[in-house]
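Below: the structure, in structure tokens.
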Amino acid sequence: MSRQRPLRLFLDSNVVTGGIVSEWGLDKAVLSLCAARICRMVLAEYVREEVEENLLKRAGELSSSDADQIIDDYSKLLKLARPEIIPLPLAREVARSRHLIRHGADVPVLLSALQAQPDWLLTHNTQHFTVTVAKRTGLRIATPMEFFRALAEEIS
């Protein structure tokens, strides 16, 4: 199967953070696809800030060599993937769009995804990024596992 362009994957902070701190798994597989530029990483500025806060917290709990490795891995990912960066939404847009998703902290993420119009929004936060939110916004929202299952179905 050939594609005109790589799939654009909007990644939530839990997928990026999980892929950086895990030794292996589907989050890391998603990041590998982006690092190899098989898929195009779409990274919201809001998500980038959240990831960096999470990684710094995590690094503070580790030995200095492990902390350095996490920060180095994240820097390498950004260098290799060259993500498409989506700017922060305006505060008035966030306030106006509060009705789109149950959890207020997820509104900027959702608005960034709507601006980007990715092929997929990948998240583990299925409590807030629900089927209803997907229908309401027209976004294709999935966990990494659901994403890989859908890819496997397309291939077979």
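For the reader, a short list of remarks on this structure follows.
- GLN4/GLU93 FRET efficiency (R0 25 Å; Cβ-Cβ; nearest 0.05): 0.20
- For the peptides 79-89, 65-75, 40-50, the ranking by mean Cβ contacts within 10 Å, running from highest to lowest, is 40-50, 79-89, 65-75.
- Within straight-line cross-link reach of LYS28, lysines at Cα separation under 23 Å, skipping those fewer than 8 residues along the same chain: LYS57, LYS76, LYS79
- Mean Cβ count within 10 Å, highest first, over the residues of peptides 55-62, 114-121: 114-121, 55-62
- Shape category assigned to the chain from the gyration tensor of Cα positions, a/c cut at 1.5: oblate
- Estimated FRET transfer efficiency (GLU49, ALA29; beta-carbon r; R0 30 Å; 0.05): 0.80
- ARG37 paired with HIS103, simple spin-label distance in nm, labels 7 Å along Cα-to-beta-carbon: 3.3 nm
- Every helix of 4 or more DSSP H residues in the chain counts as -39500 (n - 2.57), and over all residues that averages to -17000 deg cm²/dmol at 222 nm.
No value in this document is a laboratory result; all are computed from the given coordinates. Just so we're clear, the structure is a prediction, and the values are computed from it rather than from any experiment. Here Cβ is always computed from backbone atoms with ideal geometry, including for glycine, and neighbour counts include all displayed protein chains.
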